[in-house]
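Comments concern the structure below.
The values are calculated or read from the model by the stated rules, or taken from the named source; none is laboratory data. Nothing here was measured: the structure is a model prediction, and the numbers come from that model. Here Cβ is always computed from backbone atoms with ideal geometry, including for glycine, and neighbour counts include all displayed protein chains.
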């Protein structure tokens, strides 16, 4: 797959881009043995020097081939009728539990206070949390729609949509028989128009985009907070990367230390394709969007 025209906001310095439809170079994960991807899924990694050091990971999904294998991975509700909606889990364990071959992080969340101390416990495995925005898979309707958060969902006919539920928004959509749904902070690209303003706020980021005809979905993870390797991007630059990938609609998912893209190695093990910014490795999270077998 050739790289598309670079946008004016992200000029090309040096690019390393290797793409295969089935087996992909494992250079980023250090496996040396490649990644095993479903037919209809392509992975690429790009190293750029301008406008700063960046490492950009991209997955392009042919929804006509694998759209019915998309799904959301949620960990268990730890207290059932209690205040928590979920608990945090290492992304590799969560993806393995749901038999995902590749996955990205999605929703943000809020930690619940430790009942013994009254203070949030930090990002720990097993920590109780509430999911920000809509999160569901089939009958597991874990977290309801919220006007403040944008969502992506797939309807019963297989079509995927991005929209929000704020009553006054021109981008409000009413879902019809959703199969699954995830949420992010905001829409950054709609109808080919970039909604994000210019900014100097740089972070690791995860994004999801859709082509105009609804036949392709794009996942982006940009590494950040790592001087000399990858410094991160603004929301506007993230939107420009989605345009570059051929998207018409796009949204900013959770970022920072939560940004992770998981792929299956040649040995059949799920591992990060990117380099998460936390020194301890991939941060525990509550929700994944992935592709099953």
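For the stretch 158-176, filtered to residues that are without any contact (Cβ under 8 Å) to a residue 40 or more places away in the chain and in a strand (DSSP E or B), the residue that is surrounded by the most Cβ atoms within 10 Å (Cβ to Cβ) is 164.
Taking the criterion of being in contact (Cβ under 8 Å) with a residue 24 or more places away in the chain, in contact with a strand residue (DSSP E or B) (Cβ under 7 Å, 6 or more places away or on another chain) and part of a loop (DSSP other than H, G, I, E, B), the only residue of the stretch 146-157 that qualifies is 149.
Consider the stretch 178-222. How many of its residues are more than 25 Å from residue 65 (Cβ to Cβ) and either in a strand (DSSP E or B) or within 12 Å of the chain's Cα centre (by Cα) (or both)? Qualifying residue count for the region: 12.
Of all residues in the stretch 7-38, those satisfying the criterion of being assigned to a loop (DSSP other than H, G, I, E, B), within 20 Å of the chain's Cα centre (by Cα) and at pLDDT 50 or above are 37, 38.
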